[in-house]
Amino acid sequence: MSSIDFSEALDCLKKAQSVLISCHVRPDGDSLGSAAGMAQMLGSQGISAEIILPSELPDRYAFLFEQARPRVVTDDWRRAQLRGFDTVVIVDTSVRAQLEPQYDFLKSCNLPVLVIDHHLESENIGTVELLDPSASAVGLMVAELGEVWPAELSAGGAKALFTAIASDTGWFRFPNADSRTYCQAWRLLQAGVRPTEVYRSLYMRDSVGKIRLLGRALGSLELFCEGRLACMSLLKEDFRQSRAAQTETEGLINESLRIGSVIAAVMLTEDENDSIRVNFRSKRQINVARIAERFGGGGHELAAGAQLAGSIEQAKEKIVSAIREEFSRSGEPGGE
């Protein structure tokens, strides 16, 4: 069980009658599973809840929302519909840039805003903040909060929180899958989760486009720093040729970590607005969050992200140079 104090968060939720739940742009398994699990727990307490996303729901997570897909924020919707809520819950981020286009509403709504997050960086956007960088997933924190409440957990809610935890621990392969993680996973299994079904939904329903996109990503693979850094790149043309969506890059970066010599991996993706999205992963020793922060991003020690202007080649040169410096600082071969 976590040692963090849930009392302020619980006080905030127990006073609520209608809750708006949201998360960061390009939502992933942890953010969506946490949001779905939180909505179910609130409903069990007679509190209405609606999940509003800042960008489209990736199809691979549609199984978490069998009754109705969450709505996506638009300017018209924001003006007309962000009324009637008395509390806001934000999961899996506490950084302004990751909440656009919702942040202006949060800033002006004069409602209690509960933030639940496990990332290192925080911009204090909540009136109540439940922050725990030691948690393997926000889904873990939501599960623990529900246990302390206590809130009834349905099979669907348990599945959502299990998905959140499994996603952010790489199906319990990453070092963050500690005894605390397994304790909650066991509790969720007792609530009716069927891991095989969750695994199939997450990892065995890829589109043909994503598989083709993986091929193009692997075709771009380059090794730097004496084989300790793997770099893959995707251009807008790769998405067009593969007929894949921008949301289908999730997990591709992990393929290069299968190389024995590789310690750190980078995926550079040309976005539709011509900026370069950079994802970082590390097996050990290299703190990629520290590197991401140099470029205005952030994340965890072993997984982080950032956004850069310019071309893929320009971004690659900057990123490789920064990681080479990090190798040198840590004493790894391949540094400067």
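Laboratory data are not the source of any read-out in this text; all were calculated from the coordinates shown. What you see is a predicted model; the values in this text were computed from it and never measured. Here Cβ is always computed from backbone atoms with ideal geometry, including for glycine, and neighbour counts include all displayed protein chains.
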Subject >> Using a Förster distance of 41 Å, the FRET efficiency for residue 86-residue 271 (Cβ separation, nearest 0.05) >> reply: 0.70
**OP:** Could you tell me the distance between the Cα centroids of region 160-186 and region 201-218, to the nearest Å?
**Re:** 23
Original post:
So what is the relative contact order for region 31-187, in percent, with contacts set as C-alpha pairs under 8 Å and at least six apart?
Top reply: 27
Original post:
For the chain: lysine pairs with Cα atoms under 27 Å, gap of 8 or more or different chains, count?
Top reply: 12
Original post:
Expressed as an acute angle from 0 to 90° and rounded to the nearest 10, what is the orientation of the C-alpha long axis of helix 138-148 relative to the principal long axis of the chain?
Top reply: 30
Original post:
Which order results if 250, 8 are arranged by neighbouring Cβ count within 10 Å, fewest first?
Top reply: 8, 250
**OP:** Mind sorting 186, 171 by how few other Cβ atoms lie within 10 Å of their own Cβ, fewest first?
**Re:** 186, 171
**OP:** Give me the number: length gained by fully extending residue 182 to residue 15, i.e. 0.36 nm times residue separation minus the C-alpha to C-alpha distance, one decimal in nm.
**Re:** 57.0 nm
Original post:
Out of 245, 292, 49, any idea which swings most in a Gaussian network model of the chain, alpha carbons joined below 10 Å?
Top reply: 245
Subject >> Helix 29-44 vs. the chain, principal-axis angle (Cα, 0 to 90°, nearest 10) >> reply: 0
**OP:** Would you mind telling me the antiparallel percentage of the DSSP bridges in region 196-336, rounded to 5?
**Re:** 75
**OP:** Enter the angle in degrees (range 0 to 90, nearest 10) between the Cα long axis of helix 312-330 and the first principal axis of the Cα atoms of the chain, meaning the one along which they spread out most.
**Re:** 90
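Starting from the Cα gyration tensor of the chain, multiply each eigenvalue by 5, take the square root, and state the resulting semi-axes largest first in whole Å. Please report the intermediate quantities before stating the final value.
Details: eigenvalues 218, 92, 80 Å².
The answer is 33, 21, 20 Å, longest axis first.
Mind giving me the FRET efficiency for residue 318 and residue 226? R0 is 22 Å, r the Cβ-Cβ distance, nearest 0.05 is fine.
On the way: r = 20 Å, r/R0 = 0.89.
FRET efficiency, residue 318 to residue 226: 0.65.
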**OP:** Indicate, rounded to the nearest 5 percent, the antiparallel portion of the DSSP beta bridges found entirely in the chain.
**Re:** 45
Original post:
What list do you get for 228, 187 if you sort them by fewest beta carbons within 10 Å?
Top reply: 187, 228
Original post:
Want the number for residue 4 to residue 110: 0.36 nm per residue separation, take away the alpha-carbon distance, what's left?
Top reply: 35.5 nm
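Work out, step by step, the length gained on full extension between residue 285 and residue 96: first 0.36 nm times the residue separation, then minus their alpha carbon distance; give nm to one decimal. Please list the in-between numbers first.
Working: separation 189, 0.36 × 189 = 68.04 nm, distance 2.88 nm.
Computed gain between residue 285 and residue 96 is 65.2 nm.
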Subject >> the chain: relative contact order in percent, alpha carbon pairs under 8 Å with at least 6 residues between >> reply: 13
Subject >> Residue of 93, 196, 249 that the Gaussian network model of the chain assigns the largest fluctuation, springs spanning Cα pairs under 10 Å >> reply: 196
